[in-house]
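Structure first, then comments.
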Amino acid sequence: MQTRFPFKLLQALALAAALLLAAPLHAQELQPAEKVVLQLKWKHQFQFAGYYAALKKGYYRDAGFVVDIREAQDGIDPVESVLKGEAEYGVGASELALHRARGRPVVVLAVILQHSPLTLIARGGGVKSLHDLDGKRIMLLPQETELYAYLEREKLPRNRIIEVPHSFSADDLVKGRVEALSGYSTDEPYVLKKLGMPYSLFSPRASGIDFYGDTLFTSEALLKRDPQRVAAFREASLRGWQYAMDHPGEIADLILERYGRRHSREHLLFEAEEMRRLMQPHLIRIGHINPGRWRSIAEVYAEFGMLPAKYDLDGFIFDEAVPRDLSRLYRGLAAALLVAALVTLFAWRQALFNRRLRGEVARRREAETYLRDANEKLQSQLAEIQGLRDRLQEQALHDSLTGLYNRRYFDDALERELALARRQHYPVSLVLIDIDHFKQLNDNHGHQAGDAVLQELAKYLTEHSRAGDLICRWGGEEFVVVMPHTPLSGALQRAESWRSSFAVHPFRFSGLVLNNTLSAGVAAWPGDGDTPQELLRAADRALYRAKSGGRNRVESAPQEGQPC
């Protein structure tokens, strides 16, 4: 007797398979968008342009978010808002490391500004150096820890200044109510320039305190609860930042249209250009986090008793290797299994095609396994390629022998530094250094000895330079050092110190004791040239004078009418 085939069961299975197969295509549309709050640390301006761009261009919407971007209000701290659940995400800065150390579970997701814009802005004329502020009135905020660390390192502690509550208005500086105030290099200088008021900027970077600036963060609880959604919000935000820096004019117009006219369009574009200098998007991927930089920041805090020594920041930095959302793959596999069951049921009635159908099911399963394995392998390869890209980008800017920055990086960095010096009115000096009789050293002892001496000089210059100085291998046996905030007299003094110390610095190689001497040429802006090329030519002429004068000496650039 022939068995009656259950067609209703077959229809039900077919319908279920169709729904499962359609689910991967429409799951995001069916799932309601997640509403989240991003709490800013200040008022609406270009400082937060990437988040406005991500909202406007639909990057948040595509990632499944409805985002409420809230500007700062009196009494609202982004860290408090995030930890209390009033906001899912916030914008902070390097003080996030202090909050983490004090048991407040914040997690850094992406660094937007690779260098902090926070600076001391002083009245021009009477204040020529930071120590001119001794006993003067200064507006500071309690959370500006890097400025307090800067003052401590420069031997100007809090008991030697008069702290004044911050009014957030440059008018107090203009009218002489205070001698200095804290501000952002991306903001207040524009106002002072429009007013025609001379001013000086004192950055913590001059003392080797190089903190991160604006940083996207969240709570550890949210990250543990849904790491994939946090990763999606981070990725959408960074897409917004890339778009904003590629289209600053468009985003400036968006801010004026949607977020208010507190700043003019010219002011917003000034802010964008200054932010580009601090972000360095042409050198560093936007959002990049360097754990070593955070350890250095923690060490600065520890130096001034703000953190325990060698504090462990484990769990503080977001791990980009978040597992991918495999729900689409699982639904596809479930649908495939259901189809296989459907095929098997149909084969019960169609016995003549049973063998062919079993083979088809096996091939489908093999294909699904192959696709799954290929996808996992592809994800691993993409991660390796990204890591290789970061390493190659870093290597392209460094000399392979000494580890110092190379000439390619130097050319770009000197041009940026001179442009900044012209805007902020501080001197920049340049020292061109050459190892005397280097060819003779190679001829007598071999190129390995010469390479070892080059490495020793690179190490010596690194150990005897300030954190804010830029040291590069110019080529061959020549090195160049850029000294921001250093006049010609100071650069000559430091170059002479290097020359005299290195001359008596014994170096051992393969059982030999080698003594080497240096010749150096020094030039400075303003005075010796207005462009990077003119400044380099002046330093090269000074180096020629040093070598022509007998070597093992330091010379400055010759003035007009003087022989080289």
With axes computed from alpha carbons, what is the tilt in degrees of helix 265-279 against the longest principal axis of the chain, rounded to the nearest 10 within 0 to 90? 90
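Would you mind getting me the FRET efficiency between I76 and E303? Use the beta-carbon distance for r and R0 = 25 Å, nearest 0.05. Before the final figure, lay out each step's value.
Values: r = 31 Å, r/R0 = 1.23.
About 0.25, to the nearest 0.05.
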Once Rg and Dmax of the Cα atoms in Å is worked out from the coordinates, which option in (i) 38.8, 158; (ii) 23.4, 69; (iii) 30.9, 120 does it equal? (iii)
Projected onto the charge dipole of the chain (unit charges on the beta-carbon of Lys, Arg, Asp and Glu, signs +1, +1, -1, -1), the Cα from S429, G75, S185 with the largest positive-side position is that of G75
Given R₀ = 22 Å, what would the calculated FRET efficiency be for E534 paired with R423, taking r from the Cβ atoms and rounding to 0.05? 0.75
To the nearest 500 deg cm²/dmol, what mean residue ellipticity at 222 nm is calculated for the chain from DSSP H runs of n ≥ 4 alone, each contributing -39,500 (n - 2.57), summed and divided by the residues? -15500 deg cm²/dmol
Which sequence of Y89, Y370, Y184 reflects their accessible areas, 1.4 Å probe, from the largest down? Y370, Y184, Y89
Could you tell me how many degrees, from 0 to 90 and to the nearest 10, lie between the Cα long axis of helix 354-395 and the main elongation axis, the longest principal axis, of the Cα atoms of the chain? 10
For region 475-524, shape from the Cα gyration tensor axes a ≥ b ≥ c, cut at a/c of 1.5 then a/b versus b/c, turns out prolate
Among F479, S219, G176, whose Cα lies farthest out toward the positive end of the dipole of the chain, if unit charges sit on the beta carbon of Lys, Arg (+1) and Asp, Glu (-1)? S219
A chain fully extended from H282 to K224 at 0.36 nm per residue, minus the present Cα-Cα distance, gains in nm 17.6 nm
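Just check region 145-263 against the gyration tensor rule for me: Cα atoms, a ≥ b ≥ c as the square roots of the eigenvalues, rounded for a/c under 1.5, and otherwise prolate or oblate depending on whether a/b exceeds b/c.
oblate
According to the square roots a ≥ b ≥ c of the eigenvalues of the Cα gyration tensor, what is the shape class of region 45-112, taking rounded for a/c under 1.5, prolate for a/b larger than b/c otherwise, and oblate for the remainder?
Prolate, since a/c reaches 1.5 and a/b exceeds b/c.
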Nothing charged except the Cβ atoms of Lys and Arg (+1) and of Asp and Glu (-1): what's the magnitude of the dipole of the chain about its Cα centre? Round to the nearest 20 debye. 1960
For the modelled label position 7 Å from the Cα of A33 along Cα-to-Cβ, which residues of region 57-99 have backbone nitrogen atoms closer than 20 Å? 57-71, 87-90
If the chain between L512 and H464 were fully stretched, how many nm would it gain, using 0.36 nm times the residue separation less the Cα-Cα distance? 14.8 nm
Run the reach check for K136 against lysines, Cα to Cα strictly under 16 Å, same-chain hits fewer than 8 apart removed. What comes back? K128, K155, K175
Evaluate the distance, in nm, between pseudo-label points positioned 7 Å from the Cα of V174 and of S296 along their respective Cα→Cβ axes. 3.7
Rounded to 10°, Cα long-axis angle of helix 7-30 versus longest principal axis of the chain: 20
Sites Q455 and Q493, calculated FRET efficiency, Cβ-Cβ separation with R0 30 Å, nearest 0.05: 0.70
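The values are calculated or read from the model by the stated rules, or taken from the named source; none is laboratory data. Please read these numbers as outputs of a predicted model, since none were measured by experiment. Cβ atoms come from the backbone with ideal geometry, glycine included; neighbour counts cover every protein chain shown. Surface areas here come from the heavy atoms of the whole protein model, side chains and all, with no ligands, DNA or RNA. Shrake-Rupley method; radii C 1.70, N 1.55, O 1.52, S 1.80 Å.
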